[in-house]
Amino acid sequence: MSLVEKFAAVVEIIYTQHNAPQTPQSRQNLLKVVNEFKEDVARAQEAAHSLHGGHLTAAEQDDIINMLSDIKEQKRKALESLLAHIDLPLPAVDTSNMELDSTASTPTGS
C-alpha cells in the first residue's frame, strides 16, 4: 500500500469516527493505522536520505543543476572552438539531453 493510500485510510477512519461514539476498539484501530503511516513515512524519509544527494535541499539541488549546466555549456563552447580550429562544420547535435560525465569534469588536484 502506498503512502497516499495509507494517508487516505487514516483520513477515512478519522472521518468515519468523527460523529460516531468512540470505543476503545475504534481508538485502538485509529492508533494502529496512524502508527503504520508514521512508520512508513519514516522509512520513506530514510530511503530518500540514503539516496545519493537525498540529503540535499531543493535549493542545493538547483545549485548543482546550474553548475552542471554551466559545465555542459563550457564543454559545448570548447567543442565549437576546437571544430573552428580544425575547420570542420559544427555538428547539428541537440545537446539538451546530453549526459554529463561528472568524473570527467572533476579536477584531479594534481
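Quick note: the coordinates plus some simple rules give every number you see, no bench work behind them. Since we're looking at a predicted model, the values are computed, not measured. Here the Cβ positions follow ideal geometry from the backbone for every residue, glycine too, while neighbour counts run over all protein chains shown.
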Along principal axes, largest first, the alpha-carbon spread of region 3-50 in whole Å comes out as 43, 17, 10
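For residue 6, what is the net charge nearby, where nearby means another residue's Cβ is under 9 Å from its Cβ and Lys, Arg count +1, Asp, Glu -1?
-3
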Among the lysines, which fall within straight-line cross-link reach of residue 6, defined as a Cα-Cα distance under 30 Å, with same-chain neighbours fewer than 8 residues apart omitted?
32, 38
